[in-house]
Amino acid sequence: MSRIVVGVDARRYVILFTGLFLSLVLAVPTAMAQTGNRPAPPDAYTPVEEFSRQLDEFKRTIPELNKKMEESATAVDRWTDVDKARKEIEELRALVGAALGAVSDNGVVSQLGTKALNHAREKMRAIEQETRFKPDEKQFLLEQWRKLRDETENASNELGTARKEFSELLRTLQANEDFIDELIQIRQAAKALEVIRRLTQDIRDASDQLKRLIGGIKPPGA
């Protein structure tokens, strides 16, 4: 009787173990299908794989950094060049001089209103002596030219006021040329400072990357 009991229990254990084994075997392909070809997380890299990855990344970064350093050196040379600032103030002086010549009392701008106003007055005189038009047509033309003459005179006066104000401002600018020269140099120095700060951050980023690369050279636990 005891043998029969032992045999039944043994068969139960065999069936249970076989079912568990089949479940594990069938679960493996399903898990692999769900995982697919996704890259392993960073902590799954071996030390050699991590070093190789960091090395490739650094090799891509260092040429860009070298280029940034060269460009920064060129930029700082340009923004700290006193001759460049002097050239800029000379260009400004030429522009101001040309504008001042145009708006001066004897410049081309001062003559514009006078020319337009003289033209309107001459047309009025010509139409008054004209015999080709009917009286009502002549009256209409005279009214139009009279209106233009009055508006031109007002515009000419406004132009003269604007011209004089602008001329005074240009002369003020000329009188402060030395101070403007210093302001231009300050602006250039600020741009050079910006280049330096940007390059500093680029070098720090590369340093962090290089630290990770050097850390991968040591054996784990060293």
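Quick notes on this structure:
- Comparing Cα centroids, the range 65-140 and the range 177-203 end up 32 angstrom apart.
- Each Lys or Arg adds one and each Asp or Glu takes one away; over the other residues whose Cβ falls under 14 Å from the Cβ of Ile89, this sums to -4.
- Accessible area per residue, Å², the range 126-165 with all protein chains present, probe 1.4 Å: 80
- Of the Cα atoms belonging to the range 73-126, the radius of gyration and Dmax stand at 21.6, 71 Å.
The values are calculated or read from the model by the stated rules, or taken from the named source; none is laboratory data. Values in this document were obtained by computation on a predicted structure and should not be read as measured data. Don't worry about glycine lacking a Cβ; one is built from the backbone with ideal geometry, like all the others, and counts go over all protein chains shown. The protein model used for the area step is the full one, side chains on, heavy atoms only, and it has no ligands, DNA or RNA in it. Shrake-Rupley method; radii C 1.70, N 1.55, O 1.52, S 1.80 Å.
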